[in-house]
């Protein structure tokens, strides 16, 4: 006896060969299969279910008719294409879609028509008028000889043959323009910058000088943090994680660990002469600044005192990079200081155009503390969160034992 033999048989009727099952009173389910997939749709009205069946029957019939319209050649090509794609993980439909994407509506498009599309795209993308005119001049020569040819039939060999009529200098320029046309035709042309590049935001050397001078007057606590930002190029988060024990004043280097850097790699930052002087003058122990909130508070007080209303993102790091690169003209050295891993040419392009003079660069690296390093940390009345001068020698016995002289954490 069958598993479901005890079930009551569901009333079923057929419309155009498609089953309509009455699941319950006044509820009908159309039930059929298409491409080995079961399709079900419910209706509360029998007539609507019948109309749906008739529509589906027409649809199924039409699809079957379309399949019959395939010629033997089309079936043969489709079979060969599937065989060529075997193992690639790409379906025949995806391959065709990719081709259409690379060759959008270009069937029968002539070289002259492609040139017109290219120039229109240049204008839409905000290219300079001079660039459009230059490209138009080169395309005019191309269209004169090859304008009526279909662009899809051209290749680099054809272009080399065409430019052989020009002198060497002209030939190189014309073939470059023609190659860009083919690249555009295939949909592979790289998108150009639509707006003019702006240099990184940096501060004038006089403003940085005034900032440190004001800090010496009223905010000595922030000077070490400012020093590693402005004169060593550390990132803000690297500065906030920095401990005095990692600053080797004798070796003139800051040793950053992977836990502190953005790239999670160790980095040694060479101290410049003025950075060394500032850190010697205001050296301390423990973290270089107590907390991020404390740094922000001191910075905002200092900005107010200097009538500075805005602190651009990474302005100390950008200023350091600009001054360091323009002092040494060595992109690799500046990138190593910054911990910047990327294209050196991109770095040079980014910073070489920053408007800064040789005199400003020289003045930047001569920003020094007003007092000698051996006297800077000996105020008449030690301020809270300031540090007394501790000579950097290997003899720990020379360090003062009075704990009150060490930096104390600042309450929130």
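Can you tell me which of 80-87, 52-59, 33-40 comes out highest on packing, and rank the rest after it, using the mean Cβ neighbours within 10 Å?
The packing order, highest mean first, is 52-59, 80-87, 33-40.
Points 7 angstrom from Cα along the Cβ direction at residue 36 and residue 9: gap in nanometres?
My value for the distance between the label points is 3.0 nm.
How would you order 304-314, 174-184 from highest to lowest mean count of nearby Cβ atoms within 10 Å?
174-184, 304-314
Viscosity 0.890 mPa s, temperature 25 °C: what is the translational diffusion coefficient of the stretch 144-263 from Stokes-Einstein with a Kirkwood Rh over Cα pairs, rounded to a whole number of µm²/s?
So the translational diffusion coefficient is about 119 µm²/s.
Restricting attention to the alpha-carbon atoms of the stretch 111-185, what are Rg (one decimal) and Dmax (integer), both in Å?
Expressed in Å, the Cα Rg and Dmax of the stretch 111-185 come to 11.8, 33.
How much length is gained if the chain between residue 158 and residue 21 is pulled fully straight, taking 0.36 nm per residue apart and subtracting their Cα-Cα distance, in nm to one decimal?
Between residue 158 and residue 21, full extension yields 42.6 nm more.
Tell me the Kirkwood radius of the stretch 204-301: reciprocal of the mean inverse pair distance over distinct alpha-carbon atoms, in Å.
13.7 Å
So for 47, 112, 300, fewest C-beta neighbours within 10 Å to most, what's the order?
By the 10 Å Cβ count, ascending: 47, 300, 112.
May I ask you to sort 318, 324, 76, 340 by Cβ crowding, counting other Cβ atoms within 10 Å and putting the fewest first?
In increasing order of surrounding Cβ atoms, one gets 76, 340, 318, 324.
With a 10 Å radius around each residue's Cβ, average the other Cβ atoms per peptide and rank 356-369, 221-234, 199-212, 126-139, highest first.
221-234, 199-212, 356-369, 126-139
Ranking 77, 155 by Cβ neighbours within 10 Å, fewest first, what do you get?
155, 77
So if R0 is 22 Å, what FRET efficiency would residue 265 and residue 245 give, r being the distance between their Cβ atoms, rounded to the nearest 0.05?
Once rounded, the FRET efficiency stands at 0.65.
Any read-out appearing in this document is the output of simple, stated calculations on the displayed coordinates, not a laboratory observation. Just so it is clear, the structure is predicted and the values come from calculations on it, not from any experiment. Neighbour counts are summed over all protein chains in view; Cβ atoms, including those assigned to glycine, are modelled from backbone coordinates with ideal geometry.
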